[in-house]
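The values are calculated or read from the model by the stated rules, or taken from the named source; none is laboratory data. If you're wondering where the values come from, they're calculated on a predicted model, not measured in any experiment. When we count neighbours, we look across all protein chains shown, and the Cβ atoms used for this are built from the backbone with ideal geometry, even at glycine.
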């Protein structure tokens, strides 16, 4: 499978619009080459560079295998709880001066339609899809918040 975004490419900066400093809406994503036998898709976004350990930004599941994209700011999805304790996308917002953080979007193709209830945690999703993943694709974007510039 391949996972892409029309607003940033692998290893490049996620536009401010899609961060906590912008409108904090999810970026548009597209995917292709979903394997035969896929009954459902799931998507996560995590930041492994967070000071307190991996920070979860987005948990989505029960995605139809016929779907091939999410539009910008997509709604009406079965979403789990992120590390902001919200059942939605939460954009990048690392501490100022903390350096570049990597945001790993992972799309999972599953061999069954699990019909998971809304509000699952990332850990609950990972447990539910264990041994069900037939393919996955990743897209990594970066974001960095700079220190405020002070004038002398």
Suppose we filter region 40-53 for residues that are in contact with a strand residue (DSSP E or B) (Cβ under 6 Å, 6 or more places away or on another chain) and part of a loop (DSSP other than H, G, I, E, B); how many remain? 1
Given (1) assigned to a strand (DSSP E or B); (2) under 14 Å from the mean Cα position of the chain (by Cα), index of the condition residue 135 fails: (2)
Could you please let me know if residue 56 is in a loop (DSSP other than H, G, I, E, B) and surrounded by 12 or more Cβ atoms within 10 Å (Cβ to Cβ)? no
In this structure, does residue 112 turn out to be in contact (Cβ under 8 Å) with a residue 60 or more places away in the chain and assigned to a strand (DSSP E or B)? no
Expected single match for assigned to a strand (DSSP E or B), on the phi < 0 side of the Ramachandran plot, out of contact with any helix residue (DSSP H, G or I) (no Cβ under 7 Å at 6 or more places or on another chain) and at pLDDT 95 or above among 9, 30 is 30
Residues in region 21-39 that are surrounded by fewer than 20 Cβ atoms within 10 Å (Cβ to Cβ) and out of contact with any strand residue (DSSP E or B) (no Cβ under 7 Å at 6 or more places or on another chain) total 6
Going through region 59-73 in order, the residues found to be crowded, with 16+ Cβ neighbours inside 10 Å and either over 16 Å from residue 122 (Cβ atoms) or touching a residue at least 60 places away in the same chain (Cβ under 8 Å) (or both) are 59, 61, 65, 70
Does residue 130 satisfy being more than 25 Å from residue 20 (Cα to Cα) and either in contact (Cβ under 8 Å) with a residue 60 or more places away in the chain or surrounded by 12 or more Cβ atoms within 10 Å (Cβ to Cβ) (or both)? no
Among the candidates 18, 84, single out the residue that is surrounded by fewer than 19 Cβ atoms within 10 Å (Cβ to Cβ) and either modelled with pLDDT of 95 or more or touching a strand residue (DSSP E or B) at 6+ places or on another chain (Cβ under 7 Å) (or both). 84
Would region 88-96 turn up any residue that is touching a strand residue (DSSP E or B) at 6+ places or on another chain (Cβ under 7 Å), closer than 21 Å to residue 7 by Cα, in a strand (DSSP E or B) and in contact (Cβ under 8 Å) with a residue 40 or more places away in the chain? no
Give 76, 82 a once-over and let me know the one that is closer than 16 Å to residue 26 by Cβ, free of Cβ contacts under 8 Å to residues at least 40 places away in the same chain and part of a loop (DSSP other than H, G, I, E, B). 76
Which of the residues that make up region 90-119 are buried (at least 20 other Cβ atoms within 10 Å of the Cβ) and farther than 16 Å from residue 14 by Cα? 107, 108, 109, 110
